[in-house]
Each structure stands twice: as C-alpha cells, then as structure tokens.
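See structure below.
The values are calculated or read from the model by the stated rules, or taken from the named source; none is laboratory data. Nothing here was measured: the structure is a model prediction, and the numbers come from that model. We place every Cβ from the backbone using ideal geometry, glycine too, and count neighbours over all the protein chains shown.
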Amino acid sequence: MTIVHGTILGGLSTVPSLELGIRAYRDVLGLCLEEQGLLSSALARSWGCAASAGLPYAALRPQSGEPCWLRLVEQAPHAGFRPTTTFGWAAFELTVEDVWRWPDALPPDLFTVVGQPRTLENMEPAFIPMQVLGPGGEMLYLNQVLRDMPGSDLPRARSPVDRIFICVLAARDRESSVRWYIERLGLDRGADFTIPYSMINKAFGLRLDTQTTLTMVSSGRLPVVEVDDYPPAARERARHDGHLPPGNALVTLAVRDLAACAIEWIAPPAYHAGAMYAGRKAGTAVGAAGELVELVETG
C-alpha cells in the first residue's frame, strides 16, 4: 500500500485507564487491538515527555487495514484540562460508514456526545459530522463522507469506524500555523472556510452564530490538518511535567524525507519498535501552536 507524503498515520490520545480506552475503541468503535505494552524511554524522550516512559499504551487500527493507528496512553487526568478550550490538537476526524447509528450506540460511561449528526452551513455537503468525547476527554469527529470536496478527496469508510482523515488544530495564530506546515513540511495551503463552529462557540460560551475561520492544509488533494482560529479566551494546555498533553496529544504524519523537513527536532530522529513505524525512522517536533507532530519517513 502506497503511503504518500502527508498521510495521517495516527493520532495519540491520553486516557485515565487503558482498560477503559480499549473498551471504548475496540469493543465499541470496533477497532482492532494491534499492540499493547509499556512506552519505551526512547519513544517518550523523542516526544519530549520523558516522564511518560513506562506508562501503559495500546495501538489500534481500523478493520479495513488502513495504515492509520489510534494510540492510547494511560495517564493521570489533569484538573485544568477542558476540551476545545486550549491550543494544540483539538480533534481527530474519523470516517465512518453510518454516522446515524452512533448517537444511540455509544455507552455514556465511555463517550459523551457533544454534537449530534448534522449538515454543515457554508460548506459543500460533503460529509455529515458528529462530535464525541472519549474517556480521556479527547475529541473525535465521526464523519460519514458523502462525496469529495472541490479541492479535496475524502476517504470513504470501509469499516464501521475507519481512518483519521483530518486532524483539527486549535491555533493561537492561524496564519503562522498554516505557514509552519507549508514551509517546514512542504504541504499545501487549501481553502478557507468561515462557519458558525458549534464546538468552539459552546466551549467558550459564545453566541451560536459566532463565525470562525479555518484553513485546510493538504498534500495535493489529500486533506491533512484543519487549522482553526481560536478566540482570545483560549489558553495554553496545562499538562503534568514531563508528560504528554491531555486529550488529543500527538499526531503522526508520513513524510518522504526527514532530512528535507525544516524541523527543530525534540531528539534526533531514530528507529522505534511498533507496527506503525514498520522499521522506519521517526522524529518529533513542536508546531506553531505547541502541538506535537511526529514524522515518519516513508520514502
């Protein structure tokens, strides 16, 4: 299977209990549990999170076999964390076969539905999204793709819950974040959209018709990162010293050549064990919004 430059290889979330996380992602969402163990010190250091070494983790993959892994790391919750109010990774958008089945299929002890399925205003009706919080307060968009968008090809699900096809970034400066992905990783600027963004408006107590502008960052017609303007009330994400950010913690992207990326690495790129790495070199950087971006060299 060809993995092109910019492909989303995975998203990592922190959860208060790995057992709960596996119940949510494997037993409810239907992902396949591929790995389970303890984080190596080398991998934790590569993320700048040395204190996370030795924590329990799991890696899950869609039944379709798509090269995309959702990783979970067990970590103590942070009292200051509120989803959708801080800079960094705000959500992972997954493509699903039937979005309408999920509101009644998600057990409330594992998921909180924060946005019912609906069509989007001011956008082509390319997909129907809904939004849920997982057991660690991580935000997941479950999107049923209907058609491609004018500038993007959107993947259709081949399993009930399939791959991540957009990673949502809460930006302190949208233009700076967009430039980071274009100049550092060689990705492309896509379209801008201005919409009444219900998740942001609810989180900050704004009028429901308040407009937010977002920019798509892509690799050709492949969507990669949605960069969202965030209101002045947004803050840095609090975290335990030396640990991963709470919630949506890290995104992994494929790149052709690590040496071609204009990156200041947290640690020199290295080889790590695990199905997602498949014997390939990886390194991690901090983006313009403070987000952790792991890059895997796929050629």
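Below, the figures for the structure above:
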quantity	calculated
Filter pass, ASP188 being at pLDDT 95 or above and more than 13 Å from ALA171 (Cβ to Cβ)	yes
Single condition ARG172 does not satisfy, out of (1) among the charged types (D, E, K, R); (2) within 15 Å of PHE87 (Cβ to Cβ); (3) surrounded by 20 or more Cβ atoms within 10 Å (Cβ to Cβ)	(3)
Matching residues in the range 1-51 - criterion: being within 23 Å of ALA254 (Cβ to Cβ), in contact (Cβ under 8 Å) with a residue 60 or more places away in the chain and in a helix (DSSP H, G or I)	TYR25, ALA42, LEU43, ARG45, SER46
Listing of strands (runs of 3 or more DSSP E) fully contained in the range 169-283 that carry 3 or more residues being within 19 Å of the chain's Cα centre (by Cα) and farther than 22 Å from ARG45 by Cβ	188-196, 211-219, 222-229
Filter result for GLY30 (surrounded by fewer than 15 Cβ atoms within 10 Å (Cβ to Cβ), at positive phi and not β-branched (Val, Ile, Thr))	no
Condition met for VAL225 (of a type in the set (Val, Ile, Thr), farther than 19 Å from GLN116 by Cα and buried (at least 19 other Cβ atoms within 10 Å of the Cβ))	yes
Residue match in the range 208-231 (condition: under 30 Å from ASP148 (Cβ atoms) and among the basic types (Lys, Arg))	yes
One residue from ARG101, ARG118 being out of contact with any Leu (no Cβ under 8 Å at 6 or more places or on another chain), in a loop (DSSP other than H, G, I, E, B), surrounded by fewer than 22 Cβ atoms within 10 Å (Cβ to Cβ) and charged (D, E, K, R)	ARG118
